[in-house]
1. Taking the criterion of being in a helix (DSSP H, G or I), more than 14 Å from chain B (Cβ to nearest Cβ), touching a residue at least 12 places away in the same chain (Cβ under 8 Å) and surrounded by 15 or more Cβ atoms within 10 Å (Cβ to Cβ), would at least one residue in the stretch A:61-73 satisfy it?
2. Which one of the conditions (1) surrounded by fewer than 20 Cβ atoms within 10 Å (Cβ to Cβ); (2) within 12 Å of chain A (Cβ to nearest Cβ) does residue B:31 fail to meet, given that it meets all the rest?
3. Being more than 9 Å from every other protein chain (Cβ to nearest Cβ) and either touching a strand residue (DSSP E or B) at 6+ places or on another chain (Cβ under 9 Å) or crowded, with 18+ Cβ neighbours inside 10 Å (or both) is the filter here, so list the residues in the stretch B:4-19 that pass it.
4. Out of curiosity, is residue A:115 assigned to a strand (DSSP E or B) and closer than 27 Å to residue A:156 by Cα?
5. Name the residue that is surrounded by the fewest Cβ atoms within 10 Å (Cβ to Cβ), counting only residues in the stretch B:83-98 that are under 17 Å from residue B:38 (Cβ atoms) and in contact with a strand residue (DSSP E or B) (Cβ under 9 Å, 6 or more places away or on another chain).
6. Is the stretch A:2-21 home to any residue that is within 17 Å of residue A:134 (Cβ to Cβ) and free of Cβ contacts under 8 Å to residues at least 60 places away in the same chain?
7. Just name the residue that is farthest from the other protein chains (Cβ to nearest Cβ) out of those in the stretch A:120-159 that are farther than 30 Å from residue A:220 by Cα, part of a loop (DSSP other than H, G, I, E, B) and in contact with a helix residue (DSSP H, G or I) (Cβ under 6 Å, 6 or more places away or on another chain).
């Protein structure tokens, strides 16, 4: 018996593909943002609001990733974004190879910011680098303030956490300060914005964040 | 939860190494899994035993799993402790300023092949 030593990470190939995607976006002065959350937290509604706020300033593309259906892509297109619907073939997450396929099919020439709306799931998407420059997690009020304690990894890898459905705060036992404390325990540098996508409230800091990061990306490209 | 996804990564890597080394049959593949890498061993093996049949070279390849201990470091008292037992809170000083040193690995360590292949 001969033993061949590999000693390589199982995610190595994915990391290489992801780095390639990041380099491509960097070279073009564009941004890719990976949005993760539980099912039903308001990812699509939040993206629709974000597109509204950026209308005429930033061109937005969205890759909708679901196990089935195309309702989300239709919603995005009806609201002025460029969209493509990817079916993950039963997989619970997106990886960099799937992202690349989606980008090639959608085309990013007429897009400044491309969002990946990842499969609704707080576990698996956090493990796989999609090639996005920024990870965002949406935590909605009805889910409860304990989610960062229960699913820490997705919060650890997220630069931004949007606490959504703030309009429902009176109905649910959701402690905003406790949620923030738990998010910061996962990632002390996380930027946390409280929003209501339904009521269109609290979007300014999030929109400013997007604009300033896009500006940085464009500045790097022109250097 | 995503054992099936990683199974395909392993299959691809094993196939590639087998091709590079002109191996016709792989007897076993050993993977190293950190204690807190969220991979369920039994499910990974179930997925593997299903997926391995897709490639000639891995048809009878046994999956072996080695567990790597998870260790967390405390920034305040500089202590190291077992993650699985104490989580994010340092058992020596009670601090939560801690981070994982190791234990989320997921590596392919080696494959075993017959000498005559």
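1. Yes, the conditions are met somewhere in the stretch A:61-73.
2. (1)
3. B:7, B:11, B:15
4. Numbers: assigned to a strand (DSSP E or B): yes; closer than 27 Å to residue A:156 by Cα: yes.
Yes.
5. Here is the first cut: in the stretch B:83-98, the residues under 17 Å from residue B:38 (Cβ atoms) are B:83-84, B:87-88.
Narrowing further to those that are in contact with a strand residue (DSSP E or B) (Cβ under 9 Å, 6 or more places away or on another chain): B:83, B:87-88.
Values: B:83: 22, B:87: 15, B:88: 17.
Filtering first and then ranking leaves B:87.
6. No: the stretch A:2-21 contains no residue that is within 17 Å of residue A:134 (Cβ to Cβ) and free of Cβ contacts under 8 Å to residues at least 60 places away in the same chain.
7. So the first thing to find is which residues in the stretch A:120-159 are farther than 30 Å from residue A:220 by Cα, and the list is A:120-124, A:139-152.
Imposing the further condition that a residue be part of a loop (DSSP other than H, G, I, E, B) reduces the set to A:120-123, A:144-146, A:151.
Filter once more, so that each one left must be in contact with a helix residue (DSSP H, G or I) (Cβ under 6 Å, 6 or more places away or on another chain): A:122, A:145.
Numbers: A:122: 10, A:145: 17 Å.
Per the stated criteria, the residue is A:145.
Since every read-out is calculated from the coordinates, none of them should be taken as a lab result. Computed from a prediction, not measured in an experiment: that's the story for all the values here. Quick reminder, even Gly has a Cβ in these numbers, built from the backbone with ideal geometry, and neighbours come from all protein chains shown.
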